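Undergrad: The structure is given below, and queries will be raised subsequently.
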Amino acid sequence: MLSSFRDMRPYLSACFLIAYVALVESACQQPRRFYVDCGATRSLQNSANLCAKYGMTLLNLTNSSTIVSQVLDLNQTLYSINCNSLFWFSSGNKTGILANAESLGAVLTSLLTGLGDLLGGVLNLVGTLLCSLLFVPCPTTTTPAPITQAITVCVRPIQQRVIQKCLTQTARADMKTFQFNEQPMYGGVIDTFASRSRMTCSGVCSSMNECIGISYINGICSLYM
């Protein structure tokens, strides 16, 4: 009996490892390329400033070889957080364009058919540039009224040598533990500071819900969102 158990130990160890890896990976999906702040509306300039502050760029949807995958990814991102608010984006040399999850199909069609000039009409808006962005007074009568506030969608760059924060299972529902796995991933930079150890760096990240990973290189800790 003991001999049979010993013979099975490599098999049991492999099963445990596979189950553990599956558990970690199921709670540690790669973050999407788009960061969406659906909880607040901002002016176009403030949205662009928010993205730049964290090393990201404001959403730009321009016809390219990857436009279909970009729009599908954005659509999935918006629906995964149940967000259908108007958001700012740019396209080519146009900026201040508005869309939402429901209108992304029309946006994609406009881009693929070369009708990018019609993007401003996707949501029956007047023009692709809002009067407030042209540094001239808005018309006294405008139908519909110019929209000056919308949610922010930023594009995260790929970060190298990021140690992703992965939620692991615990015996108690009120406790959270994390495992950190090093890999390239999408991320904006929340903060960068000197740290004595990687453990301290990861501890700070673990205490922040918005932190999705860290890098710790030459005593410098970077936190990613």
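Undergrad: Of all residues in the range 180-208, count the ones that are part of a loop (DSSP other than H, G, I, E, B) and at pLDDT below 90.
TA: 0
Each row is one residue, and each column tells you yes or no for (1) part of a helix (DSSP H, G or I); (2) surrounded by 13 or more Cβ atoms within 10 Å (Cβ to Cβ); (3) modelled with pLDDT under 95; (4) over 19 Å from the mean Cα position of the chain (by Cα).
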| residue | (1), (2), (3), (4) |
| --- | --- |
| Ser4 | yes, no, yes, yes |
| Met8 | yes, no, yes, yes |
| Ile18 | yes, no, yes, yes |
| Val24 | yes, yes, yes, yes |
| Tyr35 | no, yes, no, no |
| Gly39 | no, no, yes, no |
| Asn49 | yes, yes, no, no |
| Thr62 | no, yes, yes, no |
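Undergrad: Would you check if Thr177 is in contact with a Ser or Thr (Cβ under 8 Å, 6 or more places away or on another chain) and modelled with pLDDT of 85 or more?
TA: Taking the combined requirement at face value, the residue does not satisfy it.
Undergrad: List the pairs whose first member sits in the range 94-106 and is assigned by TED's automatic domain parsing to the domain that holds Arg42, whose second member is of a type in the set (Ser, Thr, Tyr) and part of a loop (DSSP other than H, G, I, E, B), and whose Cβ atoms are under 7 Å apart, counting only residues at least 6 apart or on separate chains?
TA: Partner pairs satisfying both residue conditions: Lys94/Thr128; Gly96/Thr128; Ile97/Thr128; Asn100/Ser85.
Undergrad: Related question: Scan the range 45-72 for residues that are at negative phi and in contact with a strand residue (DSSP E or B) (Cβ under 7 Å, 6 or more places away or on another chain) and jot them down.
TA: Ser47, Ala48, Leu50, Cys51, Tyr54, Met56, Thr57, Leu58, Leu59, Asn60, Leu61, Thr62 - these are the residues of the range 45-72 that are at negative phi and in contact with a strand residue (DSSP E or B) (Cβ under 7 Å, 6 or more places away or on another chain).
The values are calculated or read from the model by the stated rules, or taken from the named source; none is laboratory data. Predicted model, so just to flag it, every value in this text is computed and none were measured. All Cβ positions, glycine included, derive from the backbone under ideal geometry; neighbour counts span all protein chains shown.
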